[in-house]
Amino acid sequence: MKRKIRIVLFIITSVVAILIVSFTLGREWYEGKNQSIISFALIHFSGYLFFLLMPVELAYIYYLSFFSDLEMFAVAVLTAIAAQLIDYFIGFSVSSTVVNNLVGEDRIKNAEKHIQKYGNLTIFIFNVLPLSSSVIAVAAGMVKYRFSGFIIYSTAGLIMKYLLISLIL
């Protein structure tokens with residue numbers, strides 16, 4: 001039964017992700033318009049929600065050709081932090097059964113294990129690398145991880161990631 005629920009939830013979240021991209025980026029392509037910073041913000045924010053796993057780093061790289069580094073950097077970090085705050089508070093307030101059904105019990109248990117063992121370093125590393133930092137945010141909320149530590153190390157990791165991407169490209 002859990003497997004069927006996960007499959008249905010996966011299909012629903014995939015459809016939502018496709019719709020978000022289609023109604024922002026796709027719409028701009030079809031109408032022959034230039035890309036907008038709002039479409040990037042929406043795609044990026046959505047990609048950091050734990051139930052919509054999207055390659056946000058690729059979106060960042062794509063949009064860098066349309067907007068300044070500073071503009072993209074600010075929008076990327078702010079939207080990622082906003083989405084991770086939502087992820088954290090969902091993990092903090094929603095029952096683990098609901099979250100486990102959405103993400104998968106094994107992924108959450110693994111994330112919780114890393115947070116319990118390495119703490120701030122896990123949060124930082126998962127935000128620097130293109131890993132599921134949104135799942136780490138939910139797990140941090142579920143284990144009632146210290147909020148200030150979560151925010152500081154998430155923000156530091158995101159700043160490092162987008163700074164590196166901007167400098168490399």
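The values are calculated or read from the model by the stated rules, or taken from the named source; none is laboratory data. From a predicted model like this one, the values you see are computed outputs, not experimental measurements. For neighbour counting, all protein chains shown are included, and Cβ atoms are generated from backbone atoms with ideal geometry for every residue, glycine included.
Here are a few things to note about the model shown:
- If you check Leu129, Leu169, Leu163, Leu121 for being closer than 29 Å to Phe66 by Cα, among the aliphatic types (A, V, I, L, M) and either surrounded by 17 or more Cβ atoms within 10 Å (Cβ to Cβ) or free of Cβ contacts under 8 Å to residues at least 60 places away in the same chain (or both), only one passes: Leu129.
- Restricted to region 112-138, and to residues there that are within 25 Å of Tyr60 (Cα to Cα) and modelled with pLDDT under 85, the residue that is nearest to the chain's Cα centre (by Cα) is Ser134.
- Some residue of region 83-94 being in contact with a Phe, Trp or Tyr (Cβ under 7 Å, 6 or more places away or on another chain), at pLDDT 85 or above and surrounded by fewer than 16 Cβ atoms within 10 Å (Cβ to Cβ): no
- Checking each residue in region 122-152 for being aliphatic (A, V, I, L, M) and part of a helix (DSSP H, G or I) picks out Ile123, Ile125, Val128, Val135, Ile136, Ala137, Val138, Ala139, Ala140, Met142, Ile151, Ile152.
- Scoring Leu85 on the criteria (1) over 9 Å from the mean Cα position of the chain (by Cα); (2) among the aliphatic types (A, V, I, L, M); (3) part of a loop (DSSP other than H, G, I, E, B) leaves a single failure, condition (3).
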